[in-house]
1. Quick one: residue 185 ticks every box in (1) surrounded by fewer than 16 Cβ atoms within 10 Å (Cβ to Cβ); (2) farther than 23 Å from residue 24 by Cα; (3) of a type in the set (A, V, I, L, M) except a single one, so which number is it?
2. Among the residues of region 36-50 satisfying the criterion of being in contact with an Asp or Glu (Cβ under 8 Å, 6 or more places away or on another chain) and more than 16 Å from residue 162 (Cα to Cα), which is surrounded by the most Cβ atoms within 10 Å (Cβ to Cβ)?
3. Please go through region 170-192 and give me each residue that is aliphatic (A, V, I, L, M) and under 18 Å from residue 117 (Cα atoms), ordered by number.
4. Hey, among the residues in region 168-189 that are assigned to a strand (DSSP E or B) and of a type in the set (S, T, N, Q), which one's farthest from residue 133 (Cα to Cα)?
5. Specify which of the listed residues (190, 151) is touching a strand residue (DSSP E or B) at 6+ places or on another chain (Cβ under 7 Å), under 17 Å from residue 68 (Cβ atoms) and either surrounded by fewer than 17 Cβ atoms within 10 Å (Cβ to Cβ) or without any contact (Cβ under 8 Å) to a residue 12 or more places away in the chain (or both).
6. Kindly provide the set of residues from region 32-81 that are among the basic types (Lys, Arg) and within 18 Å of residue 117 (Cβ to Cβ), ordered by number.
7. Which residue is modelled with the highest pLDDT, if the candidates are limited to region 111-153 and must be within 13 Å of the chain's Cα centre (by Cα) and of a type in the set (Asp, Glu)?
Amino acid sequence: MNFLLFLLQLLTISLPYIPRNVAELVYDTEGKELTSKHNYYILPAKRLSGGGLTTIQIGEQCLHFVLQEHNSTNLGTPLRLTPLSWKRSIEESIRMSSDIWIEFHDLDSFCATMLDWHLTNRSPKTLSGRRQLLAAGEEWGGRSFGVFRIEKYGADVMGYKLTACSKKEACKDLGVYASKDKTWLGVSDEPLMVVFMRKTSY
């Protein structure tokens, strides 16, 4: 009996520690890990289905809305993704199903150089019906600290979906709504399948 206990202890010491439920990494269009150090364009995974995500200011002083470019050759506006971790390093990888902040980065705007994403019940006058849209920045120029996640999505075309999360509700999928000459991003039953393209320094 003592010999069996000795063998079990020896086996426990010998086996490497493998953490459970380690979230998978998210990769960009070049197969490199997404990190909090770089800026990225968020593009539709399906070719010729519109351009990248960008922001537009409508009405409110510093409140912007997130929309998709119509032209497939337009990459949109660069974004930065940051894990919600107080112990994060200068450069940390982005993992699926993990809480992150998303913000437009290096903007030429009098409101701020960075506008973080969050859901809003406000909507542009050109959009009919009541929808929960994705906004960037606040009226007073402050931060909203909206929480998001990246999830694997799609079978025929490999891509990801974006979800907006809160403590009170389950995470909600984000998709697009076409209204007149604009395509808005907001909560939807049909998620927009996306990929991430790293912005180069040149």
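1. Here residue 185 clears every test but (1).
2. Step one: list which residues in region 36-50 are in contact with an Asp or Glu (Cβ under 8 Å, 6 or more places away or on another chain), which gives 36-37, 39-40, 50.
Retained after the next criterion (residues that are more than 16 Å from residue 162 (Cα to Cα)): 36-37, 39, 50.
Numbers: 36: 18, 37: 12, 39: 18, 50: 20.
Going through the qualifying residues, I end up with 50.
3. If we filter region 170-192 for residues that are aliphatic (A, V, I, L, M), which is where we start, we get 170, 174, 176, 178, 185, 187, 192.
Selection gives 170, 174, 176, 185, 187, 192.
4. So in region 168-189, the residues assigned to a strand (DSSP E or B) come out as 172-179, 182-187.
So of that shortlist, the ones also of a type in the set (S, T, N, Q) come out as 179, 183.
On the way: 179: 13, 183: 11 Å.
Filtering first and then ranking leaves 179.
5. On the way: 151 fails: under 17 Å from residue 68 (Cβ atoms).
After ruling out the rest, the residue left standing is 190.
6. In the first step, residues of region 32-81 are kept if they are among the basic types (Lys, Arg); the result is 32, 37, 46-47, 80.
Passing the criteria: only 80.
7. Per the stated criteria, the residue is 151.
The values are calculated or read from the model by the stated rules, or taken from the named source; none is laboratory data. Keep in mind that what you see is a predicted model, and the values were worked out from it rather than measured. All Cβ positions, glycine included, derive from the backbone under ideal geometry; neighbour counts span all protein chains shown.
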